[in-house]
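J.: If you scroll down you'll find the structure; I have some questions about it.
Bear in mind that the values in this text are calculations on the coordinates, not laboratory data. Note that this is a predicted model, so its numbers are computed, not measured. Cβ sites come from the backbone with ideal geometry, for glycine too, and all protein chains shown count toward neighbours.
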Amino acid sequence: MRAARLIRMVLLLQSRPRMTAAELAGELEVSERTVARDAQALSEAGVPVYAERGRAGGYALVGGYRTGLTGLAPEEAQALFLSGVPGALREMGLGEAASAARLKVSAALAPPVREASRAVNGRFHLDAPAWYTRPEAPGLLAPLAEAVWDDRRVAAAYRRADREVRPELEPYGLVLKAGVWYVCARAEGAGRARVYRVDRFTEVRDLGTRFARDTGFDLARFWRERAEEFARSLLREEVRLRLSPAGARRLPGATDPRAAREALAAAGWRDGSARWVEDVVLPVESLEVAYEQLLGLGPEAEVVAPPELRDRMREAARRMAGLYG
């Protein structure tokens, strides 16, 4: 609805000094032409929106204008209280601040909306780490989080597989993946940001200077792209398979899901097919890993190549037949 979009546009401009037409169009999921029309409509309605043309231009509100359209609906409040992962906030040293913020928000809400906090806490609990692990917060997570918040350059000591390096870093963001913390940072002189495991830092020292953050850096997109690159880099070998219908359905659960789905699609398999799938070329991390993964499919998968893996599977089948007579 246009009314809701106009309100959201005002709130976006109220929260940022200036936004380009492209940024507003992305946030509002409309075209830049629609953004221009909405800005004109707001101006005619008395909301002081002005536009600056040119490369550094954009839309802004005049003179610190504030709107009273900040009431929360119950479902918005529920989303707000659900948005943080309590354990992650504690590990970054923000547990008390987050708790105080929730109390202040609750106190400012109308009574029906105030119940959103209790409703969410009683129904949802976010537990990020994987099963069978007892993760501990890395000792240097808090100073790294402070550097991320304040755009501060740090000098670090970082353990690699074979040596310790001492880069000077511009830390852009933190990511919690399956209970493990990572920092996305750009090293001095490097053209692109890299990913560092926080538990491998042995020293983090504030250099006392700030860096100019690249406003085009998108942490979620950066992490998604790097994660995909990392996953692809692990798949260095290929195996050729024949799969029963059940084996084809189970393959994504036994091996890398994305690689399995792409391999099945390339072989022409369709879910629901009752025929064996021939010539499935599957990328794998190594033949050793493939051996362990494909054993789990039992008689639903036949390794065609390479010969050394086929021989290992044949020997495993012979030994298993001996066990069961």
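J.: Can you list residues whose amide H is under 5 Å from Leu207's amide H, if they're 5+ apart or on another chain and H is modeled 1.01 Å from N?
T.: For Leu207, whose amide H was placed from the backbone, the distant partners under 5 Å are Arg153, Val154, Ala155.
J.: Okay, moving on. Can you figure out the FRET efficiency of Leu11 with Asp214, using R₀ = 22 Å and their beta-carbon distance, to the nearest 0.05?
T.: On the way: r = 25 Å, r/R0 = 1.14.
Efficiency computed from Cβ-Cβ geometry: 0.30.
J.: Using a simple spin-label model with points 7 Å from Cα along the Cα→Cβ vector, what separation in nm is obtained for Glu188 and Arg163?
T.: Computed distance between label sites Glu188 and Arg163 equals 1.8 nm.
J.: For an R0 of 30 angstrom, estimate the FRET efficiency from the Cβ-Cβ distance between Arg33 and Val62 and round to the nearest 0.05. Could you put the intermediate results ahead of the total?
T.: Working: r = 23 Å, r/R0 = 0.76.
Rounded to the nearest 0.05, the efficiency is 0.85.
J.: Once R0 is set to 56 Å, what does the formula 1/(1 + (r/R0)^6) return for the Cβ-Cβ distance between Arg2 and Ala246, expressed as a FRET efficiency to the nearest 0.05? Could the numbers behind the result be given before it?
T.: Details: r = 51 Å, r/R0 = 0.92.
So, using R0 = 56 Å, E works out to roughly 0.65.
J.: Label points 7 Å out from Cα along the Cβ direction at Glu262 and Glu238: separation in nm?
T.: 1.2
J.: Contour minus end-to-end for Arg221 and Ala137, with contour as 0.36 nm per residue of separation and end-to-end as the Cα-Cα distance? Please report the intermediate quantities before stating the final value.
T.: Working: separation 84, 0.36 × 84 = 30.24 nm, distance 2.48 nm.
My answer for the length gained is 27.8 nm.
J.: Quick one: which residues, 5 or more positions from Tyr172 or on another chain, have an amide H under 5 Å from its amide H? H modelled 1.01 Å from N in the peptide plane, none for Pro or chain starts.
T.: Cys184, Ala185, Arg186
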